[in-house]
Amino acid sequence: MLNKIIDVFSFGLYLSYHLLEVAMKILSFETISNKKDLLTAFLRSRLAIVDETNDPEEALDLVKFYDYDVILLRLSEERLGDLDIVRKLRLGRVRAPIVAVARAMNEAARLRVLQAGADDLIVDALSHEEIFMKVQNLIRRSRGFQENALRIGAVEINMNAKKIYAKGKPVTLTKKEYQIAEILALRKGVVLSKEAILDHLYGGLDEPNPKIIDVFICKIRKKLQALGVDDFIETNWGRGYMVIDHRQEAAPADTSHRTHGNPHDTHARAIA
């Protein structure tokens, strides 16, 4: 009896520990549920929050209210009618990349999927790990990062190793602190509210007070400042936090300085 209690308690700690590590938010759409399919379970084991639906209208509503990193469309050659949701998502100007996943698919069907507007198509993957890595890489590229590491100013974030470096030196962050830094970095230039950050961390499960985000941000800043980086995370008062690559800000400024002799050009850039 005591062993069973210990096992239940240990499982509870394990589950709580992993739920607190989540950073990637995924919407999975499949019209016919397959209880034998283990992809969703695997993605959750890799600390992703996965919302599932088999209702096209519900899927369209969910993308209006939540900021998903990617939308997974589970397809088969027999159910290509599901492609209609891709067109509706594109008409709704959904920014999240759409990835179609299928066990097998002929060339004609693959072309239909891509023509419908899917950003990528994963067919006959050797493992769930392969799907996970491809999805993660697509998310990174969709956010404007072509390399495996996210480089913003003097900060480098290695998404595979889950490590951060400031001016080449490792930064010791807790899992929560790392996740917040990664979430903001992937959305550089975009203000995220504390509630949005919490949603990515907890997925609506037992979310703490939003003020906890202020505490995490303060700790991240102090650790970066200790290594000489004090401009990684900016506060947008009343709205939230954001990451800005100040190197990109400097480039237009230098250009305007070089072309200050032509006021028409400067005015055109200001309007744009």
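Longer than 19 Å from Cα to Cα, which of Lys175/Lys219; Lys169/Lys222; Lys25/Lys162; Lys134/Lys176 are they? Say none if no pair is.
Numbers: Lys175/Lys219 12 Å; Lys169/Lys222 15 Å; Lys25/Lys162 17 Å; Lys134/Lys176 24 Å.
As for pairs spanning more than 19 Å Cα to Cα, those are Lys134/Lys176.
How long are the semi-axes of the equivalent ellipsoid of the stretch 76-122, defined as square roots of 5 times the Cα gyration tensor eigenvalues? Whole Å, largest first. Let's see the in-between values first.
Values: eigenvalues 68, 22, 14 Å².
Whole-Å semi-axes of the equivalent ellipsoid: 18, 11, 8.
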* For the stretch 36-77 and the stretch 95-130, compute the distance between their C-alpha centroids and round to whole Å. => 14 Å
* Could you look at the stretch 76-207 and say what percent of its accessible area is carbon and sulfur, using a 1.4 Å probe and all protein chains? => 48 percent
* With a sphere of radius 11 Å drawn around the Cβ of Val190, what net charge do the other residues whose Cβ falls strictly inside it have (Lys, Arg +1; Asp, Glu -1)? -> +4
* With Rg and the Kirkwood Rh both taken from Cα atoms, where does Rg over Rh land for the stretch 120-180? -> 1.05
* Asked: Top to bottom by accessible area (1.4 Å), largest first, where do Leu173, Leu89, Leu126, Leu111 land?
  -> Leu126, Leu111, Leu173, Leu89
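The values are calculated or read from the model by the stated rules, or taken from the named source; none is laboratory data. Keep in mind that what you see is a predicted model, and the values were worked out from it rather than measured. Note that we place each Cβ from the backbone using ideal geometry, even for glycine, and neighbour counts take in every protein chain shown. Surface accessibility is based on the protein's heavy atoms, side chains included, excluding ligands, DNA and RNA. Shrake-Rupley method; radii C 1.70, N 1.55, O 1.52, S 1.80 Å.
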